[in-house]
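The values are calculated or read from the model by the stated rules, or taken from the named source; none is laboratory data. Here the structure is a predicted model, which is why all the values come from computation and not from measurement. Reconstructed Cβ throughout: ideal geometry from the backbone, glycine too, with neighbour counts over all protein chains shown. Only protein heavy atoms, including side chains, enter the accessible area calculation; ligands, DNA and RNA are left aside. Shrake-Rupley method; radii C 1.70, N 1.55, O 1.52, S 1.80 Å.
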Amino acid sequence: MKQRLLFLGPPGAGKGTQAQRLAASHGLLHLSTGDLLRAEIQAGSELGRQVEAVMARGELVSDDLVLAIVRNRLEHHHQGWLLDGFPRNLAQAKALDQLLSELDQRIERVVLMELDDAVLIQRLLSRGRADDNEQVIRHRLEVYRQQTAPLIAHYRELGLLSAVEAAGSVEEIATRISALLLD
Ligand code: ADP
């Protein structure tokens, strides 16, 4: 199976759920920038307080901060990994390309999880996280469309992109994803 993966898709598509499952069953490092940022908030640091305010508005945290987090984890990890929630804009994608070439590592597959907006909004509203109220959700979808969606073309051009329909049960979607990652 492919060992260096990137999960892409709008908020609410189920990236975290699928990423966690796949990472656990294949012994990959699951690197979720959202989870790492929430851990920083939990830790109660000054940095955490700044991150919390940005997240609550549905904006993106600074590229430098997120990149430092990812660099720190990937530098010391040479086996398989799965990036979830990063990169989120073209600047982050380019910084990642640079970092990986320094580390002599390569993305082997980008999995794009696709789902209708109406379903996304329903899922996020039922999740009830601090940044999951309707106004913030709509803003996050807008940020996704403007800043993250351009990565689809970027990775398609590199021949790395595989899209998967993200509607259905967790089990069904997991089966679809596994099928894309064989060999
Ligand atoms: P979701 O997939 O539902 O959007 P995440 O946990 O991935 O949830 O992200 C939640 C929030 O964390 C984002 O709205 C953003 O504020 C911040 N965040 C996560 N990853 C990044 C990143 N790579 N760059 C900037 N901000 C990020």
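Annotation for GLU134 and ALA24: the two label points, set 7 Å from Cα along the Cα-Cβ direction, are 3.4 nm apart. Over the chain, calculate the relative contact order: mean separation of alpha carbon pairs under 8 Å at least 6 apart, over the residue count, as a percent. Contact order relative to length: 35 percent. When the alpha-carbon atoms of the stretch 115-183 are used, the pair Rg, Dmax equals 14.5, 42 angstrom.
Only beta bridges with both residues in the chain are counted; by DSSP, about 0 percent of them are antiparallel.
3J(HN,Hα) couplings calculated from phi for the stretch 110-115 with the Karplus curve 6.51 cos²θ - 1.76 cosθ + 1.60 (θ = phi - 60°) are, in sequence order, 10, 9, 9, 9, 10, 7 Hz; Gly and Pro show x. Relative to one another, the C-alpha centroids of the stretch 76-141 and the stretch 1-64 are positioned 7 Å apart. Basic side chains Lys and Arg get +1 at the Cβ, acidic Asp and Glu get -1 at the Cβ, and with that the dipole of the chain about its Cα centre reaches some 120 debye. Only helices enter this figure: runs of n ≥ 4 DSSP H residues, each worth -39500 (n - 2.57), summed and divided by the residues of the chain, yield -16500 deg cm²/dmol at 222 nm to the nearest 500. Estimated at 0.36 nm per residue, the fully extended path between ALA56 and GLN122 surpasses their Cα-Cα distance by 21.9 nm. Rolling a 1.4 Å probe over the protein heavy atoms leaves VAL136 with an accessible area of roughly 20 Å². Put simply, the C-alpha atoms of the chain give a gyration tensor, and the ellipsoid matching it has half-axes of 23, 21, 16 Å, longest first. Of the trypsin sites (Lys or Arg not before Pro) in the stretch 99-169, the ones in a loop by DSSP (not H, G, I, E or B) with at most 14 other beta carbons within 10 Å are ARG106, ARG129.
The slack in the chain from GLU171 to GLN79, taken as 0.36 nm per residue of separation less the alpha-carbon distance, amounts to 30.5 nm.
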